[in-house]
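Working notes, structure below.
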Amino acid sequence: MKLDVDVLRYLSKDDFRVLTAVEMGMRNHEIVPSDLIDRIASLKHGGTYKVLKNLLKHKLLHHDSSKYDGFRLTYLGYDFLAIKTMVNRGVFTAVGRQIGVGKESDIFEVACEDGTVMAMKLHRLGRTSFRAVKSKRDYLRHRSSYNWLYLSRLAALKEFAFMKALEEHGFPVPNAVDCNRHCVVMSLIQGYPLVQVKQLQNPETVFDTIIGLVVRLAEHGLIHCDFNEFNIMIDDDEKVTMIDFPQMVSVSHRNAQMYFDRDIECIFKFFGKRFNMSFEEQSDDIDGSEVDEDESGRPSFSSIAKTAGFLDKELAASGFTRKDQDDIEKFIEGNAGDDVSDDEHESGLCQTNIKGFDSLHLDQKEPTSSCNEEEQGYENQHSLEAGLTGNPEGQNSSNEEEDNQNADENDAELMKSLAKQRRRAMAAARRGRKSVASRNSYKDKGGKSSNNSKIQKQLSSW
């Protein structure tokens, strides 16, 4: 949908009041009822319905009456709310032409009072080309319900936070100015996307700089995840600036190595195809940092020293949670509890075995007594061996015979208990069948007797 900011001139305070009321109602409604909008807006003399009609004409709202009469915000209405807030803050005063279209955002030029031109990025998640955002990004985290406007707002907040942090640590990124709803205002980069560049004076220097940025990000605990020729800006002096940060993840992410290798592969593939570069004689010194390389000459993720910073923890990058931090701290403290854990594991096995015996409905008195008898026999055996001076072999043979007799007795007692339990179960089953059968037979007998009495009465009347 095309952004026509000329409509802003003809919208009144009541129009923005109703738009805000619909936005507030969408916190817990997919389609906000008309009565709720009227109560939130609190316009006099029923003016809410007249304003709703005007907003529908400009396509700032969408009307839905399938289940009940209600409205929801469109992306154009959400754009107007964000732009109105930015204008009231004094961030910019005019909106210019559209300078970029992405799969999940639109970029426009905006101007300040002093004539400074900046860039305004409007996130538009949920387009047909990017519908799988829920499974590809972690904006939702633990939430189950969502709408596209809310996801766009989360993406804008995440990008603004990453841009601010990277700028403070000296990375070549745009200057983050302000953020509201799904709108991010940043400084305008005077350059071109790398995908539009056909020739470079020093392609090797630019290549080393770009690869060095990927490695440096990893040293600070972050991975870009979309580091390609479309998200790299280069000016006339061949100065590199990276953009687009909502999809960044932590180096502790379970797929961090895959994302890192994918970013490196995109750069190698583009420079090899566009500028015919060969990477066999590339040096190990990349942007001032020494990184080991694999057989293909690409930086290795495992060899990067991730000690330059902890931006992933500061910005809560995806893949690194508080639980992960606690686990790491416990692991660093040492392995003093390994023996205890082994003992606990063995005790857990013993408990599971006991529970398994309980589920078999066995009489536990005999096995426990047999265990006690075996322990007593074992202690008596050691005491006899310590005190007797006679033939130990004979004593051992006699102990073995006693153990065998005790085992046979225990087996016999166990078989008796099982047979007893079986008889009880069979008796209970027979009693249940007899009781049911007795009721049925009683009814059948009653029915037959009643029928016979009727037949006898008819015969006697005849």
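The values are calculated or read from the model by the stated rules, or taken from the named source; none is laboratory data. Remember, it's a predicted structure, so these values are computed and weren't measured experimentally. Note that we place each Cβ from the backbone using ideal geometry, even for glycine, and neighbour counts take in every protein chain shown. Just the protein is used for accessible areas: all its heavy atoms, side chains included, with ligands, DNA and RNA removed. Shrake-Rupley method; radii C 1.70, N 1.55, O 1.52, S 1.80 Å.
Below are the figures for this structure:
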item: In segment 228-284, the residues that are modelled with pLDDT under 90, open to solvent by 30 Å² or more (accessible area, probe 1.4 Å) and over 26 Å from the mean Cα position of the chain (by Cα); result: Asn276, Ser278, Phe279, Glu280, Glu281, Gln282, Ser283, Asp284
item: Selection count, segment 163-219, where residues are open to solvent by less than 20 Å² (accessible area, probe 1.4 Å) and at positive phi; result: 0
item: Test: residue in segment 92-111 that is in contact with a strand residue (DSSP E or B) (Cβ under 6 Å, 6 or more places away or on another chain), over 18 Å from Asp6 (Cα atoms) and not in a strand (DSSP E or B); result: no
item: Residue selected from segment 46-81 under the condition assigned to a loop (DSSP other than H, G, I, E, B) and not β-branched (Val, Ile, Thr), by the criterion nearest to Val7 (Cα to Cα); result: His58
item: Among (1) within 34 Å of the chain's Cα centre (by Cα); (2) exposed (fewer than 12 other Cβ atoms within 10 Å of the Cβ); (3) among the small types (Gly, Ala, Ser) - the single one Gly25 does not satisfy; result: (2)
item: Neighbours by Cβ (under 7 Å, 6+ apart or cross-chain): first from segment 243-259, more than 21 Å from Phe230 (Cβ to Cβ); second open to solvent by 40 Å² or more (accessible area, probe 1.4 Å); result: Val251/Lys306; Ser252/Asp324
item: Scan of segment 1-19 for residues that are open to solvent by less than 50 Å² (accessible area, probe 1.4 Å) and either in contact with a His (Cβ under 6 Å, 6 or more places away or on another chain) or in a helix (DSSP H, G or I) (or both), ordered by number; result: Val5, Val7, Leu8, Asp15, Phe16, Val18, Leu19
item: Residues located in segment 112-164, provided they are within 19 Å of Ile99 (Cα to Cα), part of a loop (DSSP other than H, G, I, E, B) and either at pLDDT below 90 or not hydroxyl-bearing (Ser, Thr, Tyr) (or both); result: Cys112, Gly115, Arg124, Leu125, Arg127
item: Selected residue (criterion: nearest to the chain's Cα centre (by Cα)) from residues of segment 30-62 that are in contact (Cβ under 8 Å) with a residue 24 or more places away in the chain and open to solvent by 60 Å² or more (accessible area, probe 1.4 Å); result: Glu30
item: Output for segment 92-109, where each listed residue is more than 20 Å from Phe245 (Cβ to Cβ) and open to solvent by less than 20 Å² (accessible area, probe 1.4 Å); result: Phe92
item: Among (1) more than 34 Å from the chain's Cα centre (by Cα); (2) of a type outside the set (Ser, Thr, Tyr); (3) within 30 Å of Asn175 (Cβ to Cβ) - the single one Asp79 does not satisfy; result: (1)
item: First in segment 87-112 and without any contact (Cβ under 8 Å) to a residue 24 or more places away in the chain, second anywhere and open to solvent by 60 Å² or more (accessible area, probe 1.4 Å) and not in a loop (DSSP other than H, G, I, E, B), Cβ under 6 Å, 6 or more apart; result: Ile107/Ile99; Ala111/Val117
